[in-house]
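A quick write-up on the structure given underneath.
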Amino acid sequence: MRKIILLGYMGCGKSTIAENLSKITQIPFVDLDKMIENKANTTISTIFKEHGEVYFRKLEHQVFVELLHDTEPMIIGLGGGTPCYANNHELLKGEDRVSIYLKASIDTLFNRLAANKSKRPLIAQMNDDELKEFIAKHLFDRSYFYNQAQFKVAVDGKTIEQTVADIVALLA
Ligand SMILES: Nc1ncnc2c1ncn2[C@@H]1O[C@H](COP(=O)(O)OP(=O)(O)O)[C@@H](O)[C@H]1O
Ligand SMILES: O=C(O)C1=C[C@@H](OP(=O)(O)O)[C@@H](O)[C@H](O)C1
Ligand SMILES: [Mg+2]
């Protein structure tokens, strides 16, 4: 049975949509960041602070590969950077998996992240002006990798339920 992989920029809703899609489909979900935190027995912020981003990216790759080797069906919510490092984007396609880019505009991402940045070490220290500029540039840089997904679902202006319904329709 296949795996459903959700990807996209920080704040696009990967973790939230993975959990809600799981409730509707009864397919178990895992959040890659949560898996990393459980494995490292600490938070993403602490991993960045104590070991740096390169260490985090290695761990992220290892845990992603481990999950893909698991034969159980599952919904996987990636971290925002997962497809952009360690050739992880090459793992988005395969017979047993379907990858979906949750595509959000800069405004949507900014509105969600401005109120929700403390646990995201890449943006935690930024003021609103810095954050908006960062998202615009960073999203542009990362789009190449996000566009490697098999499907795209636009999330702007949609409720959690609408996005989940769009994904269910896509998978039918
Ligand atoms: N329509 C929506 N779809 C998904 N998330 C939403 C929506 N509206 C508000 N949110 C909020 O936006 C944030 C999305 O964060 P999260 O699911 O952690 O994203 P990601 O894992 O992609 O970084 C959450 O705080 C969530 O409650
Ligand atoms: O975009 C990124 O590089 C990151 C996104 C985060 O996940 P979310 O996209 O779930 O916030 C988390 O993996 C880490 O803070 C790095
Ligand atoms: Mg998340």
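Kindly provide the set of residues from the range 4-38 that are away from ligand 1 (no atom under 14 Å from the Cβ) and either at positive phi or aromatic (Phe, Trp, Tyr) (or both), ordered by number.
Within the range 4-38, just Gln26 meets the criteria.
State whether the residues of the range 115-123 include one that is open to solvent by 60 Å² or more (accessible area, probe 1.4 Å), under 17 Å from the mean Cα position of the chain (by Cα) and among the basic types (Lys, Arg).
The answer is yes; a qualifying residue exists.
List pairs: first in the range 9-25 and hydroxyl-bearing (Ser, Thr, Tyr), second within 8 Å of ligand 3 (Cβ to nearest atom), Cβ under 6 Å, 6+ apart or cross-chain?
Taking only residues 6 or more apart or on different chains, the pairs are Tyr9/Gly80; Ser15/Asp31; Ser15/Gly77.
Would you point out which residue out of Thr82, Thr42 is of a type in the set (Val, Ile, Thr) and open to solvent by 40 Å² or more (accessible area, probe 1.4 Å)? Let's see the steps before the verdict.
Values: Thr82 fails: open to solvent by 40 Å² or more (accessible area, probe 1.4 Å).
Testing whether each residue is of a type in the set (Val, Ile, Thr) and open to solvent by 40 Å² or more (accessible area, probe 1.4 Å) leaves just Thr42.
When only residues in the range 1-39 that are more than 17 Å from Val164 (Cα to Cα) and open to solvent by less than 40 Å² (accessible area, probe 1.4 Å) count, which is nearest to ligand 2 (Cβ to nearest atom)?
Met10
The values are calculated or read from the model by the stated rules, or taken from the named source; none is laboratory data. None of these values were measured; they are calculated from a predicted model. A quick note on method: Cβ atoms are made from the backbone with ideal geometry, for glycine too, and the neighbour counts reach across all protein chains shown. When the accessible area is computed, the model is the full protein with side chains, heavy atoms only, and any ligands, DNA or RNA have been set aside. Shrake-Rupley method; radii C 1.70, N 1.55, O 1.52, S 1.80 Å.
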